[in-house]
Structures are given as C-alpha cells and as structure tokens.
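The values are calculated or read from the model by the stated rules, or taken from the named source; none is laboratory data. All of these numbers come straight from a predicted model, not from anything done at the bench. Note that we place each Cβ from the backbone using ideal geometry, even for glycine, and neighbour counts take in every protein chain shown.
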Amino acid sequence: MSAAWVTPAASWITTVDHKRIGVLYGVTAFLFFLVGGVEALLIRLQLAGPGGRVVSAETYNALFTMHGTTMVFLAIMPLNAAFFNYMVPLLIGARDVAFPRLNALSYWILLFGGLFLNASFLVGAPPDAGWFGYANLTSKQFTPGPSVDFWLLSLQVLGVSSMLGGINFIVTILNMRAPGMTLMRMPVFVWMTLVVQFLIVLAFPPITVGLIFLMFDRFFGTRFYDVAAGGDLHLWQHLFWIFGHPEVYILILPAFGIVSEVLPTFARKPLFGAPVVIYSGVLIGFFGFGVWSHHMFAAGMGPVAALSIATMLIAIPTGVKIFNWLATLWGGAIRTTTALHFAVGLVGLFTIGGLSGIMHASPPVDLQQTDSYFVVAHLHYVLIGGSLFGLFAGAYYWWPKITGRLLDERLGKLQFWVVFAGFNVAFFPQHYLGAIGMPRRIYTYSAAAGWTFWNAVSTVGAFGIALGVLLFMVNAWRSLTRGAPASADPWDGRTLEWRTSSPPPLHDFDTIPPIYGRDTFWREKHGRPGIVPAPTHDHTHIHLPAPSRWPVLTALGIAVLAIGALTHVAVVLAGALFTVVCMFAFALEHHRNPAHAQQDGDLGVDHRKVAVWVFLGSECFFFGTLIATYLAYNGRSVVGPEPHQILNIPLTTLSTFDLLMSSLLMVLALAAVQRDDRRQARLWLFGTALFGLIFLGFQVYEFTHFVREGLTLQRNLFGSTFFVLTGFHGGHVTVGVVWLLALLILDLRGRLGRVDAVKVEVAGLYWHFVDIVWIAIFTLVYLMP
Amino acid sequence: MNEPPVEHASIGTYLKVAAILSVVTALEFAVIYIRALTPILVPLLLVLSAGKFALVVLFFMHLRYDSRALAVLFCGPLALATGLVLALMTLTGAFLVLGR
C-alpha cells in the first residue's frame, strides 16, 4: 500500500484531502452501518416467534427508531458521501473539491452528530418515537425525557453537515470540471451526485424548520404542534415528508449513478441513451418534491388526486433508467465481475421495490397498506435492493482505485449470492405478512395471528444478510493485508479516475486531462480517430490545500452546543463562543494567501459567489417554510391577541425603510472596495452595519412591547409563529452585522483591498437576501389584512 | 491574484433604485388606509412587494448583470419554494387553489 496510508493519526484529523475525507466517511459510515445492522438483527430476533422476549417493548421502540435514523442519516447517506468525496473530483478531472476545509468540516460534524445520537444509549435515553418523529408523540407530554431531544438535536447537527457538503459539491461540479467537460459529458455518477446535492440543499430546510418548531415546543413551550392551541399535527407530517420523500432519492440516486458507471464498463459498451438517463435523474429529483403527501394519504388531509398523479408520474423516468440499463447489457461483451453482480442485482430488486411503490400512489390501495409490513418490505427493497446493492457495486468497482489492492472476486461473488438470497428471504415474505394484516412497529404478536412461520423465515434471511456483510469485511481485510496489487486501470474503465494511479497521488492527476466527449479515456485507449492522448507529466504550479485544525475544532464547538442544550445553558454559551472563535479563525486562515485569491471556475464566477447563491436558494426554502407556517396558522389562535390588535405598522414601515437603505449602503461599500477607495469603503461598511443595528433595535423594541402587551412565544399560535419567523430573520440580520463588522475591522487594519472585493460581494449578497426576506415578511405578516 | 472586479451598475442607478424602493414602501403603507382599494388590496400589495423584491435582486444583488447560471441557481429554488408555500397553505386549508 501507499505510504500515505500509514501516516500519523494527526494528519488524518487535520486532513483536507478529498480522498482521505472520502475514506473517513466510508469507514465511519460502515461502522454506523454495523450498529444499525445489529439493531435490525435484534428487531428480527424479537419478532422471530410469537410472544418474543428478547427485548422489552420500550427497548423495541428505541431499536426501530435508532435503526431507521442510523441507516438513513449515518450509514447510507455518508456511504454515498464517501463516494462523492473520493470519486467526484477524480471523475471530473479536479485536484480537490471547491472548499476542502469545508469538506473536512462536513465530515467532523457528521462524526460528532452520530456520536451524539448514539450517546443517548449511554445515558439510557435512546430516541423511541420512530425515525419519522410524528407529532404529538414527540411532545413533552407524551415523551418527557431527553430521548427526543437527542434525536432532534442530532438531526439538526447532521443537517448542517449535509448542507455544507451539498453546497460544496454543487460548486465543485459546476465550477471545477476539466477542460472540455461540458455538463452533458460528465459521467452519470457525477450527474446523480449533482442532483442529490440540490435535493439536499433544498429538502433539508423544511425538516430543519420542522425540527426547530419541535425544539421550541419542547424547550420553550411554543404551540406549533399543540392541538389544544389550534395547532395542526399534519404540519409536522408535511414538513417531515417534504424532506422525507426527496430523501429517498438522496439515498437511491447515487446508487443509480454507480450502476450507470459499472454496467457500461463490464458490458464494454457505452451507456445506452446516456442523456436520457441523465434527464431521467433530473426529472426524478424534480418530481421528488411533488409527491411527499403519498406518505400521508391515510392521515385524512383532503385533496390528494394531484399528489397521486405525481407519484405515478415519477415511475416514468425511473422505468426509463431501468430499460436503459437493460439495453446497455443487451449485446454487450459482459464480464461477470462482483461489481456487475451487485449492479444487476440492483436493477432486479429495485424494480420490485419500485413496483410496490407505484401501488402506494393509489390512495385506496395505500390505505390498506399504510403502517403494515408491506410498506416495510417496499422500503427495504428500495433502500437495500437499491441503495445498498448499488453501494456494494461501487465498493467492488472502486476499491482497487482507493486502496491500490484488488478484492477477491470469488469471495465477492459468494458474498453477493449470500446477501441476495438473505435479502429476499428476509424481505419478500414481509409483503405477504403485510397483506395478511401484520402492522409495522409492533414488538410482539400472538401465535393465533398466523404470522409465525414467515416471521421466522424473515429472521433467518436477516442473518443471511449479516453473514454477507461479514464476508465483505473478511474480503476487505484480506485485500488490505495481502491483496493483489491493482493497476491504474484494472477494469479497462471509461472515465477519468482510471487514468491516474491506484491509489491516486495527492494531486490526483499529473496533468488535468482535456475532454473531447463522453468516455474520452476509453476512446483514447481504444484508438478512436480524432482523439489525441492527453500529455502525461507536468508537476509544476500544482497548489494543494494545506491541512487545517479549524474544521475539527469548529465541529467540536457545534457538538458542545448540542450537548449544552441537554445539560446547562452555560455549556451552550461556551459552545457558541468556541464555535464563533473557530469560525473566525477558519475564515481568516487563508485571508490574503495569494494561492487562494483566484477561485474562478468553469462558470466564469468565483467559487465563493456560486456557493453563496446556492446557499441563498436553500434559504428560500427555509424562510418559505417559516412564512408558509405563519400563513397556515394565521387566524387559528384560540386566544388573543390577534395580529391586527398588536402590530405597529407605522413603526415597522420605518424599520423596513431602514433595512432597504442599508442595502443601498452595502452596494456603495462594494463599489468603493472595487475602486480601492478605502475611506468610502469604511464609511459605507460602517453605515450598513449601523443601519442593521438600528433595525435590530426596532425589533428589540417591538418584541419587548409585545411581551408587555401579553403576546409571548407561548401565548398562542400567532405568538409562536410570529416570534420564530421574525426572530430567525433578526438572527440572520445579526449574523450579517457581525460579518460586516469583521470586514470593517479587516479594512481598518489595512487587510481589505480591491483583491478582496469578492469577500465583500458575498457578504453583500447575504445582506441583500436578508433584505428581500424582510420585504416578503413586511407584506405578508404586517400589511396583509 | 483576481482581476479587478467589474462594477455592475453606476452609483446613479443604485440611488435611483433606492429612491424607487422608498417610494414603493411609502405606497404600501398608504394603500392599506385607502378604503376604496380594499377589494384589490391583497393582489396590489403582492405586486408592490414583488416589484421591490425584483429590484433588489436585479440591481443590488447584480443578477441583471451576472452570469445566467447564478440566476438559475437562485430563481429555480425560489420558484420551487413559492410552490411549496402555496401547496402547504392549500393542504393545511389556509386557502384553496384547486378546491376540495
């Protein structure tokens, strides 16, 4: 193995290399996958026979809650992220991701978030309200201990990790492709990664808002999910599934991308209809936002026809992919490697899961199947038959590239057949169990129910899957310790990662290869006319990001914040202070480093600017969800005061004017920085921050006045929605003021000049966004009758 | 090092936009007190608000001058988020788009 693999632990803690971070993601996620797997085996042991006594009812609730949460957020998502991290820069011909330190921060936040969630076992309070956390089961009244707090805080922390990663990969893919690699020349795995990152940055804000409401209900006594106060329990289900259904595609599309790389390589044919496969992936992502309510057909929410149709429509692009994969195999010179076994396994098993999914698009059928084991079978055919098989295909396909060693193909194929058989034995009978009435989430059943035999069979199958995973671990260990060395291109691959050594050097490629079309590398190797082989060695002027300790320390600060929320406010304050200090150190670490000055990419725009625009797109969903909740709850409070009794419109008009004028000062500040007019730049930056502070002063006055008038967070739905919406906007203004003051201090110290204009510009974009959000709030909350 | 960034609009344009934003804000404040406008108050306020929103995005955030890709990155999510708000309000009964 490469010497890089045996360097001291400290170098892994401070690493910002995408390949090492990919390995960290992979190892961490696999360990969490084992934890989730053990939880699954305990569930199956408990249900193996009637009247099971392996665990108590309370422990069973915790097991299925933690199993679902762990597998979704700590196993499948980060296993996908492992491939994003390791492979995407290699596949697009980049030396790293756009923001390497942010990438490290995403990983460390994931690790601490996962440890925090599982620490709930150590204090005897594991979450036990289901991975869906339906309100009001999660309220203090019905779940008084800290278990739900562990769950909601860890999901918030993990959400930060996913968001940072999502923005990072969108910028990387859009802005860092090799010369000639147009969007349609990108490998399908990169396309699916791009779609998934958009799903992440757009789908996570609604669940974040839902979790904020839950946190405020539990910690501060707000009324979001309080039916007695007029609250609507459907609200949680909407917010959860607006995230939850795109989450299915977040989990499965990377596997589709892997299969789209594996099948052409081992069929020795181009992917059939590659553009259509790409468009299908994009359509799946788009439709994914319109089908969430099929998870709620049984909740009695009213009109469902449009949502039912959308759910049926989404099967079309999915079916297109299936047929394209089959057509890729058709007539190919197929090499039956383990990776191909898993890829073909996915095509078959996911089709079964997809077909049972279409059944749920029909509300009458869905009503029969909801909360039965039929749904358990369906979702496992999608997430094991789909995601996990795809991940194993990727593991066998890219293992030689990552480790420089080959896995044992015979053992791999044995593993495939064991997992394939175990999986079908475990989950196919569950369709039948659901059809004959076995509900999900029950911890035991009586022999008279007639479910005994198929439950026993299912448990045997689950242990078959566990045996298969054990075989993979043996194979991996043997490969790492005495596996045959892998060449740079052991599979006669088609994409760029196979051009570089196995494992790749620190700088990925000696020379960034130019791209002439899809599968350029394969066409080069096989001598297609018109393709000029890329030059080989050029080590000059390669800048690689330096290691940094600030990502891990910042993540630690965030973890302390979460711990503080469960222990003492002093810990919260300490964690917040530590996090802010680390964030400043993080932000200023490479300030004025010439190597970091030039960050323009393929779009002709600086990485940081693209990242801020992506973030603002995500913020549209965050504030959109807050505003939608305010409007949905408007007029539903069962006690006063009502908005028209208390809102001071003249005063708010003044504060609105103040904020609009702060935006004018902000553009004047940017123009001054771009002209290198230091005096004006300071003046306008100070003016913008001052106007921001005046706006906050208005808000403080308004809030204290309302409290004196009897309107508090806890008073009624209007108080809860108003204070949280405007409070979060005020929080954003506060962040903006701190950002502007930091720029001002840099300027006063002579460290902000024309070359730093993009830093002022991105701060300005954030500031103007805060302004336009207020334009919407002013109209919808204050002015609307 | 970066090339010197290009200014997106003149100072005069910024001042004109700020003046329009101020006038429209004053109009928004005024129209809620004009009883004759009550039947069209909601659409009128929405149009005025959307106009302010667009002015800030196009001129202060420079979307009128910048790469079209940035417009796609922002306007796509904005449109989806607007659809989400409408769908959520419909499904929670705040108002009906399609009817029951």
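Taking the residues in the stretch B:6-38 that are in a loop (DSSP other than H, G, I, E, B) and more than 7 Å from chain A (Cβ to nearest Cβ) as candidates, determine which candidate is modelled with the lowest pLDDT. Steps first, please.
Taking the stretch B:6-38 first, the residues in a loop (DSSP other than H, G, I, E, B) are B:6-10, B:32-34.
Remaining after also requiring more than 7 Å from chain A (Cβ to nearest Cβ): B:6, B:8-10, B:33-34.
Details: B:Val6: 51, B:His8: 72, B:Ala9: 84, B:Ser10: 91, B:Tyr33: 94, B:Ile34: 95.
Only one residue tops the list, namely B:Val6.
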When (1) touching an Asp or Glu at 6+ places or on another chain (Cβ under 6 Å); (2) at pLDDT 95 or above are applied to A:Ile531, the one that fails is (2)
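Can you find a residue that is part of a helix (DSSP H, G or I) and of a type outside the set (A, V, I, L, M) anywhere in the stretch A:90-99? Working first, answer last.
Our first condition is that a residue be part of a helix (DSSP H, G or I); within the stretch A:90-99, this holds for A:90-92.
Next, only the ones that are of a type outside the set (A, V, I, L, M) stay: none.
Looking for residues that are part of a helix (DSSP H, G or I) and of a type outside the set (A, V, I, L, M), one finds none in the stretch A:90-99, hence no.
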Please tell me if A:Pro78 is assigned to a helix (DSSP H, G or I) and not aliphatic (A, V, I, L, M). yes
Members of the stretch B:39-78 that are closer than 25 Å to A:Leu631 by Cα, more than 8 Å from chain A (Cβ to nearest Cβ) and modelled with pLDDT under 95: B:Pro39, B:Ile40, B:Pro43
Examine the stretch A:277-297 for a residue that is outside any loop (DSSP other than H, G, I, E, B) and over 19 Å from A:Gly354 (Cα atoms), and state whether such a residue exists. no
Residue list for the stretch A:15-54, filter: within 27 Å of the chain's Cα centre (by Cα), over 20 Å from A:Gly464 (Cα atoms) and surrounded by fewer than 18 Cβ atoms within 10 Å (Cβ to Cβ): A:Val27
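Can you list the helices (runs of 4 or more DSSP H) lying wholly within the stretch A:352-426 that have 3 or more residues being crowded, with 21+ Cβ neighbours inside 10 Å? If you could, list the steps in order and put the result at the bottom.
On the way: elements: A:363-369, A:373-382, A:389-403.
Answer list for the stretch A:352-426: A:373-382, A:389-403.
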Just one of A:Ala57, A:Ala125, A:Ala94 is under 30 Å from A:Asp510 (Cα atoms) and surrounded by fewer than 24 Cβ atoms within 10 Å (Cβ to Cβ); which is it? A:Ala94
Whichever residue in the stretch A:753-769 is touching a Ser or Thr at 6+ places or on another chain (Cβ under 9 Å) and not small (Gly, Ala, Ser) and, among such residues, is farthest from the other protein chains (Cβ to nearest Cβ): A:Trp767
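When you look at A:Asp508, is it buried (at least 21 other Cβ atoms within 10 Å of the Cβ), over 19 Å from A:Leu391 (Cα atoms) and in contact (Cβ under 8 Å) with a residue 60 or more places away in the chain, yes or no?
Details: buried (at least 21 other Cβ atoms within 10 Å of the Cβ): yes; over 19 Å from A:Leu391 (Cα atoms): yes; in contact (Cβ under 8 Å) with a residue 60 or more places away in the chain: yes.
So A:Asp508 fits the description; yes.
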Going residue by residue through the stretch A:139-146, is there one that turns out to be hydrophobic (A, V, I, L, M, F, W, C) and either within 14 Å of chain B (Cβ to nearest Cβ) or within 28 Å of A:Phe521 (Cα to Cα) (or both)? no
Flagged in the stretch A:29-50 as farther than 19 Å from A:Ile384 by Cα and in contact with a Phe, Trp or Tyr (Cβ under 8 Å, 6 or more places away or on another chain), in numbering order, are A:Gln46, A:Leu47, A:Pro50
Are there helices (runs of 4 or more DSSP H) fully within the stretch A:602-714 with at least 3 residues that are aliphatic (A, V, I, L, M) and away from chain B (no Cβ under 14 Å)? List them. A:678-708
Quick one: count up the residues across the stretch A:169-211 that are within 14 Å of another protein chain (Cβ to nearest Cβ) and closer than 24 Å to A:His245 by Cβ. 19
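Out of A:Leu660, A:Leu616, A:Leu603, report the one residue that is in contact with a Ser or Thr (Cβ under 8 Å, 6 or more places away or on another chain) and not assigned by TED's automatic domain parsing to the domain that holds A:Thr704.
Residue meeting the stated conditions: A:Leu603.
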Can you find, within the stretch A:567-597, the residue that is surrounded by the fewest Cβ atoms within 10 Å (Cβ to Cβ) among those that are in contact with a Leu (Cβ under 7 Å, 6 or more places away or on another chain) and of a type in the set (A, V, I, L, M)? A:Ala576
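In the stretch A:588-601, which residue that is more than 7 Å from chain B (Cβ to nearest Cβ) and in a loop (DSSP other than H, G, I, E, B) is farthest from A:Pro551 (Cα to Cα)?
Just the residues of the stretch A:588-601 that are more than 7 Å from chain B (Cβ to nearest Cβ), to begin with: A:588-593, A:595-596, A:599-601.
Remaining after also requiring in a loop (DSSP other than H, G, I, E, B): A:589-593, A:599, A:601.
Values: A:Glu589: 11, A:His590: 13, A:His591: 16, A:Arg592: 19, A:Asn593: 18, A:Gln599: 20, A:Gly601: 24 Å.
Of everything passing the filter in the stretch A:588-601, A:Gly601 is farthest from A:Pro551 (Cα to Cα).
Can you say whether A:Gly230 is more than 24 Å from the chain's Cα centre (by Cα), surrounded by fewer than 20 Cβ atoms within 10 Å (Cβ to Cβ) and without any contact (Cβ under 8 Å) to a residue 24 or more places away in the chain, as far as the supplied structure shows? Give the derivation first.
Working: more than 24 Å from the chain's Cα centre (by Cα): yes; surrounded by fewer than 20 Cβ atoms within 10 Å (Cβ to Cβ): yes; without any contact (Cβ under 8 Å) to a residue 24 or more places away in the chain: no.
No.
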Among the residues in the stretch A:54-73, are any modelled with pLDDT of 95 or more, in a loop (DSSP other than H, G, I, E, B) and within 25 Å of A:Gly422 (Cβ to Cβ)? yes
